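S.K.: The structure follows.
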Amino acid sequence: MAINVVCPGCRSRFAVSEKFAGKTGPCPKCKQPIAIPTPAAKDVVVHEPEPAQPTAPGAAPVTIPFRRVETRVSGLTWTLVVAGAVATMVVAWATGRAWRPATPPDWMLAAGGFLVAIPCVALGYAAIRDRELEAYQGRSLALRVLICSAVYAALWLAKGVLPAESTAEMWQWIYLGPLFAFPGVLAAYAAFDFDWGPASVHFSFYVIVTAFLRWLAGVPPL
C-alpha cells in the first residue's frame with residue numbers, strides 16, 4: 001500500500017511505500033526533509049506558513065530566503081595549481097637523478113608522499129564533494145585534509161617496509177591491493193562524508209599522482 005506525500009518545499013506529490021511510514025527522508029527533487037505519515041492518514045497536506053508577525057507597530061514582516069553560495073575557483077588559483085604540479089614533477093625527476101643508481105630512502109619517499117598528499121586531498125575534495133552539502137572550510141577543512149593526507153602517506157610508508165620480493169610483480173597486488181586500498185578509502189569516507197564510490201575515486205587520484213611521481217624519480221610505481 002502506497003502513502004501519498006506532498007513535499008513542503010517544492011510541492012511535488014508522489015507516493016512512497018508504507019514501509020517508510022513514520023520515518024523522515026529527503027524529497028527526490030528538492031532534498032527537503034519530509035515526514036512520512038502512518039498508513040492511517042491518506043494524504044499529507046502542507047499549508048503555507050503563517051506570515052511573520054511584525055516586531056513593531058506598523059513594521060512589515062521580513063522574509064529573507066537563504067541563498068546558496070557557490071565557491072568559484074579563480075584563474076590565479078588554477079595558475080598556481082598548474083605551476084605547483086610542474087614544479088613537483090621537476091623535483092621528483094631531479095631527486096631520482098641525484099640518488100642514482102640507488103633509490104631515495106623510504107622515509108624521504110614517505111615525506112614526499114605526505115607533502116604531495118596535501119594538495120591532492122584538498123583538490124580531490126573540491127572536485128568531487130557533494131554540492132548539496134555545505135562545504136568544509138577553514139580550520140575544519142585543514143584538519144580533515146591533514147588527517148587524510150597522513151593516512152595516505154602512511155600507506156606508502158607501510159608499503160616500503162614490506163620485503164621487496166612481495167611487491168616485485170604486478171599480480172601480487174591482486175592480494176595486497178585491497179589491504180592498502182581499504183584504509184585509504186575509509187580515511188576519505190570518514191574525513192569528508194563521502195559515499196564509498198567518491199571515496200574510492202579520491203584515494204585513487206592520490207595513488208595515480210604519487211605512482212606517476214615515483215616513476216619520474218626512477219622508483220617502482222607500486
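S.K.: Based only on other Cβ atoms within 10 Å, what is the fewest-to-most ordering of Lys31, Lys159?
M.R.: The fewest-first ordering by Cβ neighbours comes to Lys31, Lys159.
S.K.: Order of Glu18, Glu132 from fewest to most other C-beta atoms within 10 Å?
M.R.: Glu132, Glu18
S.K.: Sort Phe194, Phe203, Phe180 so the one with the fewest other Cβ atoms within 10 Å of its own Cβ comes first.
M.R.: In increasing order of surrounding Cβ atoms, one gets Phe180, Phe194, Phe203.
S.K.: OK, next. To the nearest 0.05, what FRET efficiency results for Ala87 and Lys31 with a Förster distance of 35 Å applied to their C-beta separation?
M.R.: Calculated transfer efficiency: 0.30.
S.K.: Roughly how far apart, in whole Å, are the Cα centres of region 93-118 and region 1-30?
M.R.: Comparing the Cα centres of region 93-118 and region 1-30, I get a distance of 55 Å.
S.K.: Next up: Would you mind giving the average projected area, over all directions, of the Cα convex hull of region 75-216 in nm² with one decimal?
M.R.: Mean shadow area of the hull around the Cα atoms is 9.4 nm².
S.K.: Now, a different point. At 0.36 nm per residue, minus the direct Cα-Cα distance, what do Leu179 and Thr38 gain on full extension? Give it in nm, one decimal, please.
M.R.: Result for the pair: 46.2 nm of gain on full extension.
None of the figures in this text is laboratory data; all of them are computed from the coordinates on show. In this text, all values refer to a predicted model and were calculated from it rather than measured experimentally. Positions of Cβ are generated from backbone atoms using ideal geometry, with glycine treated the same way; all protein chains shown enter the neighbour counts.
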